[in-house]
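Enquirer: I am attaching a structure below and will ask some questions about it afterwards.
The values are calculated or read from the model by the stated rules, or taken from the named source; none is laboratory data. Keep in mind the model is a prediction, meaning the values are calculated, not measured. Every residue, glycine as well, gets a Cβ built from its backbone with ideal geometry; the counts of neighbours run over all protein chains shown.
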């Protein structure tokens, strides 16, 4: 089980290999239908493509990184021969602030209360530039969730809010030195902010209580 | 300006050409990064790729179908030499029910009250199958918004509801004969259902009143 606050060794291997070869990480997308091929210039699907590509690339490097059965659910990949690590792939446009969804807010509050090990997932993050149809990876990070999340003025945890509803957990400015709101520095500060946000938002602590129980049950210290 | 309840002639041309050649409409996506190419097997980005492909294809057919300046906003394409038609591209997995977002609910209520002509946009809809990495277009429809939308048990208009919040307008079963809730048959029934849903949902009729004023202002009969 994933009980470590450190990055999984297999995630680290992947990260180091990618960073060593970052200057070669350019390419693009060709879409063909009815004999008409286009070189894709829109950014919409790039995140999913890089995520899918990463699995093939890792296989070619003989890394122990594996696709889960379902592509829709957490995690994007398992790391380690025993599937003992979680690895999430995130991407964002290098010319803008990171605006990917770290996770659905409600879903994450719930899932952490069922599987507290999810807290220790590694996040492999790519920033890219798309110049017409030419894609270039600009920077790569390996992070834990508390290292990419921050507070805001409104709630203890930065989230995406639509029509008053908290939808997704959104990253803080982990890519920049200019942080209006500092990133968290440990998992406990992050989970406190997560569940305090849940409490302020809908006056419930159900998931928080379940989460704390699970921590005790599994003897996880954070 | 788009004042017609009929499909725009240029949309019809595109639709007929595509349907005539539907058996040839197969292909797929190749994504390359760092010299490693993959044949894409995930469905996530297909909608955006078909939409982008359609613009190139239409150009090659010398159709008067044009990209707007911004790719994020309505419409996906203009139809006609004078940009006098709106054309939206929608796609869905042929093995499932259509689950694309017709439009953001709030955004649509508002935009129709500012530009009532949006009501007459054409919808070109593709259903596809993805067998491993081989993409095949299965069926194509040309529709108006009232021909793809329906009621539900909950609200007069079928929508996607998340945590009690109406997020998007979702299509009814326009692809099938088994309709639990019938599709609308004219624009007025659709706009009545739209704004009645807005009223039941948040007790406001601001956008409805503005919409009706605009109809009178532009002498639009629906």
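Enquirer: Which of the residues that make up the range B:111-120 are in contact with a strand residue (DSSP E or B) (Cβ under 9 Å, 6 or more places away or on another chain) and surrounded by fewer than 21 Cβ atoms within 10 Å (Cβ to Cβ)?
Expert: The answer is B:111, B:117, B:118.
Enquirer: Of the residues B:27, B:34, B:55, B:48, which is surrounded by 15 or more Cβ atoms within 10 Å (Cβ to Cβ) and either more than 9 Å from every other protein chain (Cβ to nearest Cβ) or over 18 Å from residue B:125 (Cα atoms) (or both)?
Expert: Residue meeting the stated conditions: B:34.
Enquirer: Shifting gears a bit: If residue B:56 satisfies all but one of (1) modelled with pLDDT of 95 or more; (2) under 30 Å from residue A:107 (Cβ atoms), what's the number of the condition it fails?
Expert: (2)
Enquirer: Regarding the range A:58-66, can at least one residue be identified that is more than 18 Å from residue A:140 (Cα to Cα), part of a helix (DSSP H, G or I) and facing chain B (nearest Cβ under 7 Å)?
Expert: Yes, some residue in the range A:58-66 is more than 18 Å from residue A:140 (Cα to Cα), part of a helix (DSSP H, G or I) and facing chain B (nearest Cβ under 7 Å).
Enquirer: Moving to a separate point now. Out of the residues in the range B:65-87 that are in contact (Cβ under 8 Å) with a residue 24 or more places away in the chain and crowded, with 21+ Cβ neighbours inside 10 Å, which is farthest from residue B:159 (Cα to Cα)?
Expert: B:65
Enquirer: While we're here: For the range A:2-22, how many residues are in contact with a helix residue (DSSP H, G or I) (Cβ under 9 Å, 6 or more places away or on another chain) and farther than 19 Å from residue A:56 by Cβ?
Expert: Residues in the range A:2-22 being in contact with a helix residue (DSSP H, G or I) (Cβ under 9 Å, 6 or more places away or on another chain) and farther than 19 Å from residue A:56 by Cβ: 7 in total.
Enquirer: Here is a further query. Identify, from the list A:81, A:90, A:16, the residue that is away from chain B (no Cβ under 13 Å) and in a strand (DSSP E or B). Even if it seems obvious, please write down each step before you answer.
Expert: On the way: A:81 fails: in a strand (DSSP E or B); A:16 fails: in a strand (DSSP E or B).
Testing whether each residue is away from chain B (no Cβ under 13 Å) and in a strand (DSSP E or B) leaves just A:90.
Enquirer: On to the next question. For residue B:42, all conditions in the list (1) touching a helix residue (DSSP H, G or I) at 6+ places or on another chain (Cβ under 9 Å); (2) over 30 Å from residue B:85 (Cβ atoms); (3) part of a strand (DSSP E or B) hold save one; what is the number of the exception?
Expert: All conditions pass for residue B:42, except number (3).
Enquirer: Let me ask something additional. Keeping to the range B:154-190, report how many residues are touching a residue at least 12 places away in the same chain (Cβ under 8 Å) and under 25 Å from residue A:162 (Cβ atoms).
Expert: Matching residues across the range B:154-190 total 14.
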